[in-house]
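Single-structure report; data block below.
Since every read-out is calculated from the coordinates, none of them should be taken as a lab result. Quantities reported herein were computed from a predicted structural model and do not represent experimental measurements. For neighbour counting, all protein chains shown are included, and Cβ atoms are generated from backbone atoms with ideal geometry for every residue, glycine included.
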Amino acid sequence: MAIEVRIPTILRNLTGGAKAVEGKGSTLDELFTDLDGAHPGLRARLVDEKGLRRFVNVYLNDEDVRFLGGLGTEVSDGDTVTVLPAVAGG
């Protein structure tokens, strides 16, 4: 079993158009590194030298990972990670 990662439309060019991809790792950081092997450039769009990019929201099973431990958040087989671009407007 793997971890499902749901990809927003704006990043699907990096996944060959796939709405969801699967990866493995024990933390979110390891998961993003694993995904970058199959989908080069994906990690760079999600993470910078400070951690998760400011305008990217990541949820683990519907919980915001910023409140769970950021990139150090533990993930397990069967989990679902959702990546959403932050939206601003007025």
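A compact table of results
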{"read-out": "Rel. contact order, % - alpha carbon contacts under 8 angstrom, at least six apart, the chain", "value": "37 percent"}
{"read-out": "For the range 1-71, with +1 on Lys and Arg beta carbons and -1 on Asp and Glu, the positive-most of 27, 71, 14 along the dipole", "value": "14"}
{"read-out": "14 Å beta-carbon shell around residue 46, net charge (K/R +1, D/E -1)", "value": "+2"}
{"read-out": "Low-density loop cleavage sites - chymotrypsin sites (Phe, Trp or Tyr not before Pro) in the chain, where at most 10 other Cβ are within 10 Å (DSSP)", "value": "55"}
{"read-out": "Point-charge dipole on Cβ atoms (K/R +1, D/E -1) for the chain, about Cα centre, debye to 20", "value": "500 debye"}
{"read-out": "Mean ellipticity per residue at 222 nm, deg cm²/dmol - from DSSP H runs of n ≥ 4 across the chain, formula -39500 (n - 2.57)", "value": "-5000 deg cm²/dmol"}
{"read-out": "Read-out volume of the Cα convex hull per residue in Å³, derived from the coordinates shown; its label in (1) 98; (2) 72; (3) 83", "value": "(1)"}
{"read-out": "Under-5 Å amide H pairs with residue 75, H placed in peptide plane, nonlocal only", "value": "27, 28"}
{"read-out": "Share, in percent, of DSSP beta bridges within the chain that are antiparallel, nearest 5", "value": "80 percent"}
{"read-out": "Dimensionless Rg/Rh of the range 29-74 - Kirkwood Rh, Rg from C-alpha atoms", "value": "0.94"}
